[in-house]
1. Could you report the accessible area of Val54 in Å², rounded to 10, computed with a 1.4 Å probe on the protein chains as they sit in the structure?
2. Work out the FRET efficiency for Ala94 and Leu50 from their Cβ-Cβ distance, taking R0 = 41 Å, and round it to the nearest 0.05.
3. Go through the range 129-136 residue by residue and turn each phi into a ³J(HN,Hα) via Karplus (6.51, -1.76, 1.60, θ = phi - 60°); whole Hz please, and just put x for glycine and proline.
4. Give the calculated FRET efficiency between Lys103 and Val137 to the nearest 0.05, with a Förster radius of 35 Å applied to their Cβ-Cβ distance.
Amino acid sequence: MRFNQGYDDQNLIVRSKKRLDTLAKLGEMKLPRLLLYSLPIFAVLLAVWLLEPVIYYYFIPIKEKIAMDGSRIDTIKVIAHRGASGNAPENTLAAIEMALELKVDIIEIDVHFSADGELVVIHDESLERTTDGEGLVN
């Protein structure tokens, strides 16, 4: 008496092949399934990265926000770019003095070394735009 519960040998072979095919399909699905499971983690990391400025701005107290120069960033700084270049020739003593009279917080000027080691205050590589001279600054 056989106890195969109504299955003959042929039926058993067919069912075994179906199970092997199913296992093969599951093996092929490993990469998509891995991607599927890793998507939520990736989405959270991406959201944190994108929202970092917002998180920093809204959730860190202003007293802890310090600029690189050690000053607080909760006050607006007035910067005179190339001195008060809107009112006097840029990068000149007149522009710097006018910026000081205007009581700006920061004065920015362009300072470079010339080929002979002297300091030169000029923005451009050539003299034509800001002076009556010609040629390169060197």
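The values are calculated or read from the model by the stated rules, or taken from the named source; none is laboratory data. It should be emphasised that the depicted structure is a prediction, and the values quoted were computed from it without experimental measurement. Note that we place each Cβ from the backbone using ideal geometry, even for glycine, and neighbour counts take in every protein chain shown. We work out accessible area using only protein heavy atoms, side chains counted, and drop any ligands, DNA or RNA first. Shrake-Rupley method; radii C 1.70, N 1.55, O 1.52, S 1.80 Å.
1. 70
2. Numbers: r = 46 Å, r/R0 = 1.13.
Working from the Cβ atoms, E equals 0.30.
3. Working through the residues one at a time gives 6, 10, 9, 8, x, 10, x, 7 Hz.
4. Details: r = 31 Å, r/R0 = 0.89.
It comes to 0.65.
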